[in-house]
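Sharing a structure here in structure tokens format.
Here, each number is a calculation from the coordinates, and none is a lab measurement. It should be emphasised that the depicted structure is a prediction, and the values quoted were computed from it without experimental measurement.
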Amino acid sequence: MVDTLEDAFSRLIRLIGALELPEVDLGTSHGTPALIVAGKTFARVSDPETLVLKCPIEQKELLLEIDPDIYFQTDHHVGWPTLLIRLPAISDEELSLRLADGWRFMAPDDLAPPSKVPSPDESA
């Protein structure tokens, strides 16, 4: 169990630092610590045990199905591109993947070109 918002945010800072994503700023959103790219929040600590992460709705729905012990939503988040994450339930490895996804979702294209599978012509 994490004791404070600062403890939870310190974990995010450590993980995001290891990812070396460009132009990540630390700030606040809704009065809580947040990670920001290009002026847009992509993750924020809602309470010591909950992360609010921006992500595409399709990805959100998939993650909610795959692991409801980690990923959830409240009525407030239904239909919005935000996913709630139980911080004590998620490993650092998986949380790093989610943070990178959130960064990619909110970063401008010149920082994060859209991920795509190369066509057969491109992979040759």
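Add -39500 (n - 2.57) for each DSSP H run of 4 or more in the chain, then divide by its residues: what number comes out at 222 nm, to the nearest 500 deg cm²/dmol?
Numbers: 4 runs with 44 residues, N = 124.
Dividing the helical sum by the residues of the chain leaves -10500 deg cm²/dmol.
Tell me, what is the percent relative contact order of the chain, built from C-alpha pairs under 8 Å that lie six or more residues apart?
Worked out over the chain, it gives 25 percent.
Here are some values of Rg/Rh (Cα atoms, Kirkwood Rh): [x] 1.12; [y] 1.19; [z] 0.99. Which one was computed from this structure?
[z]
By how many degrees, between 0 and 90 and to the nearest 10, does the Cα long axis of helix 92-106 differ from the longest principal axis of the chain?
Tilt relative to the chain: about 70 degrees.
Helix 57-66 sits at what angle to the longest principal axis of the chain, using alpha carbons and giving 0 to 90 degrees rounded to 10?
Once rounded, the angle reads 70 degrees.
Rule-of-thumb check for the stretch 1-67: C-alpha Rg over 2.2 N^0.38 Å?
Details: Rg = 12.5 Å, N = 67, 2.2 N^0.38 = 10.9 Å.
My calculation over the Cα atoms of the stretch 1-67 gives 1.15.
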